[in-house]
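Notes follow the structure.
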Amino acid sequence: MSYHRTRAIILRKTDYSNTSVVLNALTQESGRLGLIAKGVRRGGAAYETEPELFTIHDVVFTLRRNGVMGTLTESAVIDDMHGIRRKVDRFWAASYMAELLLDLTAEGQPLTEVYALAAGAFRGIARAQKVAPHVFIFEMGLLRLLGHEPSMAACVECGSPRKRAGAVAFSALKGGYLCKDCRRTDPNAITIRGSAAALMQALGKSAQSSRRADGAAPARADRLNIDRDSARDLRRALNHFFTFLRERPSKTLKYMQALYR
Ligand SMILES: [Zn+2]
């Protein structure tokens, strides 16, 4: 049996027995995996401590033939993300990001860039004064990496450029902005402020140009100033889009949503 060693972010933790837990982890080298930590609660010698949610660990594991479930044989904390557990808004933002990763990525596929994005985002959240910009940048980056980046510069149907001012239609089904003439092509399109559409376009562009290495917390999130109305509309547009992509609403969103009131 071969051993794999990589870094891993713990996205979910489920009790398996009195002494064991199953972790769902996003790894740098092997994509997203289930990892059983046998006897971790007995103080199993190979584990420093029981891995906590949202922490980054250096892990060693053996993989079953299906490639999506493994047995954890060693783990050591790289980043304990204690800042996330110190504030409730950070905790809910991290929970929401973990839920998106669990719902929108498949197990057993290489996700090196998604890992880098997520590691940077969790580290950013762990010390953020305001979490909302960090979550927006993470969401736009994730959409880009998964091939769902919304098209906001021009109408997705006819290609006419988006006018600078005024409210616009955003369609999850079509994947972006719809002009007045094309809005009828998606009866479920929602109306958002022009400022929110512009913000989405700008964040999409910066997601395109940034290739963060693991560990570089996104400093630009702290510099980003978003007015409350634009933030609310961008939140609505992204909720609309992610609900469409995952084919169901988020479970943690209602907690995180409080941050946008
Ligand atoms: Zn159009």
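May I ask you to list the residues of the range 131-154 whose amide nitrogen lies under 20 Å from a point 7 Å from Cα along the Cα→beta-carbon direction of Arg86? Answer for this model: 131-135. Protein heavy-atom surface of the range 60-198, 1.4 angstrom probe: 52% of the accessible area is carbon and sulfur, with nucleic acids and ligands not counted. Remark: the chain carries 47 Å² of accessible area per residue (probe radius 1.4 Å; ligands, DNA and RNA excluded). By a straight-distance test (C-alpha under 26 Å), which lysines pair with Lys130 as possible cross-link partners, with residues fewer than eight away in the same chain excluded? In chain and number order, the partners are Lys87, Lys205, Lys251, Lys254.
Suppose accessible area is computed on protein heavy atoms with a 1.4 Å probe; arrange Phe91, Phe122, Phe244 from highest to lowest. Could you put the intermediate results ahead of the total?
Numbers: Phe91 70, Phe122 0, Phe244 90 Å².
Highest to lowest solvent-accessible surface, that is Phe244, Phe91, Phe122.
For the range 46-119, the spherically averaged projection of the C-alpha convex hull amounts to 5.5 nm². Restricting the calculation to Cα atoms, the chain yields a radius of gyration followed by a Dmax of 19.6, 65 Å.
The charge dipole of the chain, taken about the Cα centre with unit charges on the Cβ atoms of Lys, Arg (+1) and Asp, Glu (-1), comes to about 760 debye, rounded to the nearest 20. Computed with every protein chain present, the accessible area of Arg5 is close to 150 Å² [probe 1.4 Å]. Expressed per residue, the C-alpha convex hull volume of the range 134-177 stands at 87 Å³. Under 5 Å between amide hydrogens, built in the peptide plane, is the criterion, and for Gly39 it picks out Ser20, Val21 among residues at least 5 positions away or on other chains.
I need the Kirkwood Rh of the range 69-171: take the reciprocal of the average 1/r across all distinct C-alpha pairs and report it in angstrom.
Numbers: mean 1/r = 0.0620 Å⁻¹.
It works out to 16.1 Å.
Largest first, how would Glu107, Glu247 line up by accessible area (1.4 Å probe)? Mind showing how you got there, number by number?
Values: Glu107 75, Glu247 160 Å².
Accessible-area ranking of Glu107, Glu247, largest first: Glu247, Glu107.
A simple spin-label model places pseudo-atoms 7 Å from Cα toward Cβ; at Ala167 and Ala153 they are separated by 2.7 nm. Take every pair of alpha-carbon atoms less than 8 Å apart whose residues are at least six positions apart; their mean separation over the length of the chain yields a relative contact order of 16 percent. Computed on protein heavy atoms with a 1.4 Å probe, the accessible areas place His134, His82, His240, His148 in the order His82, His148, His240, His134, largest first. Determine the equivalent ellipsoid of the range 1-80 by diagonalising the alpha-carbon gyration tensor, then write out the semi-axes as square roots of 5 times the eigenvalues, largest first, rounded to whole Å. The three semi-axes for the range 1-80 are 16, 14, 12 Å.
In the complete set of protein chains, residue-level accessible area for Lys254 is approximately 130 Å², probe 1.4 angstrom.
The values are calculated or read from the model by the stated rules, or taken from the named source; none is laboratory data. Keep in mind the model is a prediction, meaning the values are calculated, not measured. Virtual Cβ from ideal backbone geometry, glycine too; neighbours counted across all protein chains shown. The protein model used for the area step is the full one, side chains on, heavy atoms only, and it has no ligands, DNA or RNA in it. Shrake-Rupley method; radii C 1.70, N 1.55, O 1.52, S 1.80 Å.
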